[in-house]
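These notes concern the structure reproduced below.
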Amino acid sequence: MVVELAKELVSHDSNCVEGKEGEVAQFIFNYLKDLGLKPVKQFYDEKKNRFNVLVFGSNETNLMINGHLDTVPINDPKNWQRNPFGEIANGKLYGRGACDTKGNIACLLASMSEYFNENLVYVFNVEEEITLGGIERVLELRKSKLKNITYSLSLEPTDGKIMAGNKGQYAFEVIARGKTAHASQPYLGENAIYKIAQATLRIQEYNKKINKITHPLFGHATASVGIIDGGTASNVVPDLASINVDRRILPNENSGKVEKELRELVSPLETKFINRIEACETPLGSKIVKEMQLVLKDLNMDNKAYGFTATSELSEIRSHGIEGIIFGTAQLAQAHKPDEFITLEELKRGTEIFSALLKKWRA
Ligand SMILES: [Zn+2]
């Protein structure tokens, strides 16, 4: 059953660029209704038919499980050997979202059909891949329907490992301005590329320095230049150049200090944030970590806690005081690539894990 469910979810294009989650969200809404549950729609963008689907438990409910419905786009279908909207071969389900994170949603849905537990809130939300807007909308219910939530689990491909937090990401643009001139008289201008080149080298040095900042679960801090842009023609002194920088932050770093440090590093050049996700961690003694460790132990799986190196919705959830983990089967290495897949074994395993959690969890 879980395989059919996963294949069905993957068959609905829900790419983040077009914000097309409506179809797959409606499928889940109907599925939950057919189980005799009372799913609720929470609109994110009514015109585009983008909505979160939620099933609220009883008043005692203190655990929220959420999975995002959007996927990255397929991009060039020519790069896919397999059908991006679902194909089973070699013991794997291929398709966009199979691994990130519709496969895991299928596992949860399959478990819910047998072991519905009303001590949980189940959330299937839009908009995770570009902004964290979907989960932000869900958390607007923090003062009402979600006021008793103390724990969370966000579905992501973690290869069946407990991730007790994630690194933060500061993505920002550095802009250098100069003065244009004819390249035969460069002394009349001010070359913006020379300025951005110096900033680029400073980031390279800075990366070496911050690599020494470590955390037991998350490894080390990093900084990387991903895009460089500038100039219009070889015979013109450029008056504009820019780089995009990605700084990954550890939960034990002070984000205010990091921000200040970055601005000083490239000063007097202008900086502009493109994305800003804070690092977060959940104490290893938290009930959600402990309970999940017991579930995995019973299934003879690795039950140590790790740190997620990518960003996730947990940053947003954690900022509301909720202790959460990131968890799911399938491997992050398969995500966002052509021929993305989840193995049928992982689908089976995921269903066993979520069934065990649903059977076990008490508020
Ligand atoms: Zn994901």
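The values are calculated or read from the model by the stated rules, or taken from the named source; none is laboratory data. Fair warning: this is a prediction, and the values are worked out from it, not measured in the lab. FYI the Cβ positions are ideal-geometry reconstructions off the backbone, even for glycines, and counts take in every protein chain you see.
Select, from GLU127, GLU136, the only residue that is touching an Asp or Glu at 6+ places or on another chain (Cβ under 7 Å) and surrounded by fewer than 21 Cβ atoms within 10 Å (Cβ to Cβ).
On inspection, the qualifying residue turns out to be GLU136.
Only one residue in SER255, SER267 is hydroxyl-bearing (Ser, Thr, Tyr), loosely packed, with under 14 Cβ neighbours inside 10 Å and in the same structural domain as THR180 (by TED's automatic domain parsing). Which one?
One residue alone meets the criteria, SER267.
Criterion first (surrounded by fewer than 23 Cβ atoms within 10 Å (Cβ to Cβ) and under 29 Å from LEU284 (Cβ atoms)) does ARG142 satisfy it?
Against the criterion (surrounded by fewer than 23 Cβ atoms within 10 Å (Cβ to Cβ) and under 29 Å from LEU284 (Cβ atoms)), ARG142 qualifies.
Scan the strands (runs of 3 or more DSSP E) fully inside segment 48-108 and keep the ones with 1 or more residues being away from the ligand (no atom under 14 Å from the Cβ) and buried (at least 24 other Cβ atoms within 10 Å of the Cβ).
50-55, 63-68, 92-94
Being part of a strand (DSSP E or B) and more than 16 Å from the ligand (Cβ to nearest atom) is the filter; apply it to segment 145-164 and report the residue that is surrounded by the most Cβ atoms within 10 Å (Cβ to Cβ).
Pass one, segment 145-164, residues part of a strand (DSSP E or B): 151-155, 162-164.
In the following step, the residues that additionally are more than 16 Å from the ligand (Cβ to nearest atom) were identified as 151, 162, 164.
Working: TYR151: 23, ILE162: 24, ALA164: 28.
In this case the residue turns out to be ALA164.
Just the residues that are under 21 Å from LYS7 (Cβ atoms) and either in a helix (DSSP H, G or I) or not assigned by TED's automatic domain parsing to the domain that holds GLU60 (or both), please, taken from segment 109-133.
Passing the criteria: LEU109, ALA110, SER111, MET112, SER113, GLU114.
Those residues that are within 15 Å of the ligand (Cβ to nearest atom), among the hydroxyl-bearing types (Ser, Thr, Tyr) and either surrounded by 20 or more Cβ atoms within 10 Å (Cβ to Cβ) or farther than 28 Å from ARG142 by Cβ (or both), I need them from segment 307-359; list them, please.
Answer for segment 307-359, where residues must be within 15 Å of the ligand (Cβ to nearest atom), among the hydroxyl-bearing types (Ser, Thr, Tyr) and either surrounded by 20 or more Cβ atoms within 10 Å (Cβ to Cβ) or farther than 28 Å from ARG142 by Cβ (or both): THR311, SER312, SER315, THR329.
Any idea how many residues of segment 258-303 are within 30 Å of LYS209 (Cα to Cα) and not charged (D, E, K, R)?
So the answer is 17.
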